[in-house]
Amino acid sequence: MSKILFHEDAYLKEHQTKVKKIEGNRILLEETIFFPQTSTESGDVGKINDCKVVGLKKEGDEIWHILNKTPVFKEGDTVALQLDWNTRYKMMRLHSALHLWAGVFDCQFKERAVAGVVKSNSAYLVFKHELANEIIQKALEQANKDIREELEIKTYEDEKKKGFRWCQVGNYIPIPCGGLHVKNTKEIGELTLREKIIEAGKQKLTMEVK
Ligand SMILES: [Zn+2]
């Protein structure tokens, strides 16, 4: 199993490691900084030596790195990993913003989001029913206040369940999450509402970060 480095340090942009296995244009590494795609979030992009990383595939405990071409390096070689940091950092900020906003809705208005999805330039929350405009505006104001107050964002592994992770923004309730986050709400930047629609009876709120 490859050693995963992004949970210990989500800010690691470059790293050198050895190639464990090559199968055509897909490879396994001894260690990786590349976060694979999930059902609610796109994965990292970047480079391994002169090859582009165009996809990541989780199979069991392993993370396969899909390259744009068959590499010239061999198994056992040391290679240089480099993340597209702008893409990753935006994802970390949007993802953290979703946690914060969902935390405010839950804590202050007893409205619990049933889904949260991060896209490349925006992110959205889904609620089971329509929310009043006033609640949406107040939750946005509170989230931006929390951003200005520079709350700590903690992530940690469950004490009993290995591999199961939690994320907590400030004093909001911890949420089970294996994603990547910024360390402090100040990094999120100002949160704005982009779109507010009803889809199949559900409230979908899309936001952006400046
Ligand atoms: Zn998260």
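Quick note: the coordinates plus some simple rules give every number you see, no bench work behind them. Here the structure is a predicted model, which is why all the values come from computation and not from measurement. Cβ placement follows ideal geometry from the backbone for every residue including glycine, while neighbour counts extend to all protein chains displayed.
A few remarks follow.
- Seen from ILE136, the other residues with C-beta closer than 11 Å to its C-beta sum to a net charge of -2, counting Lys and Arg as +1 and Asp and Glu as -1.
- Relative to the longest principal axis of the Cα atoms of the chain, the long axis of helix 133-148 lies at roughly 50 degrees.
- Listed by chain and number, the aspartates and glutamates placed with their C-alpha closer than 20 angstrom to that of LYS47 are ASP9, GLU14, GLU23, GLU30, GLU31, GLU62, GLU75, ASP77, ASP84; residues fewer than eight positions away on the same chain are left out.
- Rg over Rh, two decimals, the chain (C-alpha only, Kirkwood Rh): 1.02
- Net dipole in debye of the chain [+1 Lys, Arg Cβ; -1 Asp, Glu Cβ; about Cα centre; nearest 20]: 320
- Taking the charge dipole of the chain about its Cα centre, with +1 at Lys and Arg Cβ atoms and -1 at Asp and Glu Cβ atoms, the residue from GLN142, VAL45, ILE175 reaching farthest to the positive side is VAL45.
- Cysteine residues of the chain whose C-beta has no other cysteine C-beta under 4.7 angstrom: CYS51, CYS107.
- Filter on LYS58/LYS138; LYS90/LYS161; LYS154/LYS202 - keep pairs with C-alpha separation over 32 Å: LYS58/LYS138
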